[in-house]
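Chemist: Supplied in structure tokens, the structure appears directly below.
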Amino acid sequence: MHHTLALVVDHHPIAVERVLQVARYRGFNVVGLRLTQDDATQQCLLLEVSSERNIELLIKQLAKIFHVLELNLMPLEHATSSVVQLRESL
């Protein structure tokens, strides 16, 4: 099952790496990634993952990361349109 997470993380070299590492350790495949910088201190990360595992397992672990400031699971219909827009822009 596909899920899309919207995260706000610190603009720190290890922040994105830690998010991807936790997703991998928890058995989720990253199938889409979009990273934009909000300002000098924050980045927005749109992360699309795929797994048969419960998405709550990943959400709970990502919330524990110090550099993750905000975390939202996007509704399926909104997430799908965001990913389509991302793919069309490439």
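Chemist: Applying the Karplus parametrisation 6.51 cos²θ - 1.76 cosθ + 1.60 with θ = phi - 60° to the phi angles of region 16-24, what ³J(HN,Hα) value in whole Hz is obtained for each residue in order, glycine and proline being reported as x?
Modeler: 5, 4, 5, 4, 5, 5, 5, 4, 5
Chemist: Shifting gears a bit: FRET efficiency for Val22 and Leu69, Cβ-Cβ distance as r, R0 = 22 Å, nearest 0.05?
Modeler: Step by step, r from the Cβ atoms, then E = 0.90.
Chemist: By what distance, in whole Å, do the Cα atoms of region 1-77 stretch along each of the three principal axes, largest value first?
Modeler: 36, 26, 17
FYI, it's all coordinate maths here, none of it is from the lab. In this text, all values refer to a predicted model and were calculated from it rather than measured experimentally. When we count neighbours, we look across all protein chains shown, and the Cβ atoms used for this are built from the backbone with ideal geometry, even at glycine.
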